[in-house]
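**Student:** Pasting a structure here, questions to come.
The values are calculated or read from the model by the stated rules, or taken from the named source; none is laboratory data. Nothing here was measured: the structure is a model prediction, and the numbers come from that model. We place every Cβ from the backbone using ideal geometry, glycine too, and count neighbours over all the protein chains shown. Areas reflect the complete protein model, heavy atoms only, side chains present, ligands, DNA and RNA absent. Shrake-Rupley method; radii C 1.70, N 1.55, O 1.52, S 1.80 Å.
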Amino acid sequence: MELICPICHLPLAQEGRSLRCGRNHSFDVARQGYVNLLPVQQKRSLNPGDTREQVLSRRAFLETDSYAPIVEAVKSAAQGHPGPILDVGCGEGWYAVRVAEFLGAELTGLDISKEAVRCAAAKYKGHRWLCGTAAHLPIADESVGVLMSMFALTMPQEFQRVLRKDGIFIQVLAAQDHLMGLKSIIYPEILLKDKDSVPTLEGFELVQSTPVRFEFTVEGEQITNLLSMTPHFWRISAEGARRLEQTQVLNDTASCVVNVYRVKR
């Protein structure tokens, strides 16, 4: 998978511990092994994306394998499709690494959070980890075989640009009834809104859509870790946090949809 400069879009080449383009824009490889390809003009805040605390909470929860059925569904969707893999919004890398190992494919993970890719690079050696934005992927045209987006943003135009004609886009979205147990604790009232879990994407056609629904149980600090990896982390009230802190065991249901798209021919 060829990388391009996020500033001028020329190809990037490795020069020692740096990536450099023909216009001499240079990006250093960090000590942990990731590369920051997020120029300041593409940031909306000083430190966008998840914090280190959120990243470590997500890793701690995912490593309990509570969400193993989700990654198994993604592996099934990706079976038979060659890489390379690009995971956009990769977080700390738990999903993408397991899919890459299953396919035996080259993996590039990208996230807007520097803390996320730093964490991924420190643990999962032998893969490429980039700090960047889905809105301006530092990836050459038609160079991705399997593109993943796990509970993350979908940017159809950019995704269509980087996917090969024979490539697939695997999108995982939360369903309306996802984590109702958690929601019932942290919110005084649950307002159900219409949620399109199988969206129509411009430039893509839907190949298949598979619902994934299963029960799981978490205890102690893993309950807080689960909250930290959801959007509810930013919305919880002081009263909701107090109720969650008093919860010792959480029996909940994960409910999501695994959509597979391909570029329209």
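**Student:** Kindly provide the set of residues from the stretch 184-202 that are touching a helix residue (DSSP H, G or I) at 6+ places or on another chain (Cβ under 7 Å) and either of a type in the set (D, E, K, R) or in a loop (DSSP other than H, G, I, E, B) (or both), ordered by number.
**Tutor:** Selection gives Y187, I190, L201, E202.
**Student:** Which ones in the stretch 89-125 are outside any helix (DSSP H, G or I) and of a type in the set (A, V, I, L, M)? Let's see the steps before the verdict.
**Tutor:** Residues of the stretch 89-125 outside any helix (DSSP H, G or I): 89-93, 104-113, 124-125.
If the condition is that a residue be outside any helix (DSSP H, G or I) and of a type in the set (A, V, I, L, M), then A105, L107, L110, I112 are the ones that fit.
**Student:** Moving to a separate point now. Sort out which residues of the stretch 72-88 are more than 9 Å from V146 (Cβ to Cβ) and surrounded by fewer than 21 Cβ atoms within 10 Å (Cβ to Cβ), and write them in order of number.
**Tutor:** E72, A73, K75, S76, Q79, G80
**Student:** Among all residue pairs at least 6 apart or on different chains, which show Cβ distances below 7 Å where the first residue, located in the stretch 151-167, is within 30 Å of L179 (Cα to Cα) and of a type in the set (G, A, S) and the second is at pLDDT 95 or above and surrounded by 17 or more Cβ atoms within 10 Å (Cβ to Cβ)?
**Tutor:** Here the result reads A152/V88; A152/G89, each pair linking the stretch 151-167 to a residue that is at pLDDT 95 or above and surrounded by 17 or more Cβ atoms within 10 Å (Cβ to Cβ).
**Student:** Looking at the stretch 5-47, which of its residues are open to solvent by 20 Å² or more (accessible area, probe 1.4 Å), in contact (Cβ under 8 Å) with a residue 40 or more places away in the chain and either touching a helix residue (DSSP H, G or I) at 6+ places or on another chain (Cβ under 9 Å) or on the phi > 0 side of the Ramachandran plot (or both)?
**Tutor:** A30, Q32, G33, N36, N47
**Student:** Have a look at P82, P69 and point out the one that is in contact with a strand residue (DSSP E or B) (Cβ under 9 Å, 6 or more places away or on another chain) and not in a helix (DSSP H, G or I).
**Tutor:** From the options P82, P69, the qualifying one is P82.
**Student:** Next up: Given the conditions (1) touching a Phe, Trp or Tyr at 6+ places or on another chain (Cβ under 9 Å); (2) open to solvent by 20 Å² or more (accessible area, probe 1.4 Å), and given that F61 satisfies all but one, which numbered condition is not satisfied?
**Tutor:** Every condition holds for F61 apart from (2).
**Student:** Moving on to the next point. Assigned to a strand (DSSP E or B) and either in contact (Cβ under 8 Å) with a residue 12 or more places away in the chain or of a type outside the set (F, W, Y) (or both): is that true of E205 in this structure?
**Tutor:** Here the answer is yes, as E205 does meet what is asked.
**Student:** Something else about it: The conditions are (1) open to solvent by 20 Å² or more (accessible area, probe 1.4 Å); (2) of a type in the set (S, T, Y); (3) within 19 Å of the chain's Cα centre (by Cα), and Y261 fails exactly one of them. Which is it?
**Tutor:** Condition not satisfied by Y261: (1).
**Student:** Do we find that E92 is of a type outside the set (K, R) and either touching a residue at least 60 places away in the same chain (Cβ under 8 Å) or more than 30 Å from T217 (Cα to Cα) (or both) in this structure?
**Tutor:** Considered against the rule, which asks whether it is of a type outside the set (K, R) and either touching a residue at least 60 places away in the same chain (Cβ under 8 Å) or more than 30 Å from T217 (Cα to Cα) (or both), E92 comes out as no.
**Student:** OK, next. Take the residues of the stretch 126-164 that are more than 20 Å from A13 (Cα to Cα) and in a loop (DSSP other than H, G, I, E, B): which is least open to solvent (accessible area, probe 1.4 Å)?
**Tutor:** A134
**Student:** R242 is checked against (1) at pLDDT 95 or above; (2) open to solvent by 70 Å² or more (accessible area, probe 1.4 Å); (3) of a type in the set (D, E, K, R); (4) assigned to a helix (DSSP H, G or I) and fails just one. What number does that condition carry?
**Tutor:** With respect to (1) at pLDDT 95 or above; (2) open to solvent by 70 Å² or more (accessible area, probe 1.4 Å); (3) of a type in the set (D, E, K, R); (4) assigned to a helix (DSSP H, G or I), R242 is out only on (1).
**Student:** Which ones in the stretch 173-226 are under 11 Å from V257 (Cα atoms) and of a type in the set (A, V, I, L, M, F, W, C)?
**Tutor:** L173, A174, A175, V198, V212
**Student:** Within the stretch 4-23, is even one residue within 22 Å of R161 (Cα to Cα), under 17 Å from the mean Cα position of the chain (by Cα) and outside any helix (DSSP H, G or I)?
**Tutor:** Looking through the stretch 4-23, none of the residues is within 22 Å of R161 (Cα to Cα), under 17 Å from the mean Cα position of the chain (by Cα) and outside any helix (DSSP H, G or I).
**Student:** Looking at the stretch 204-218, is at least one residue modelled with pLDDT of 95 or more and acidic (D, E)?
**Tutor:** Yes: one or more hits.
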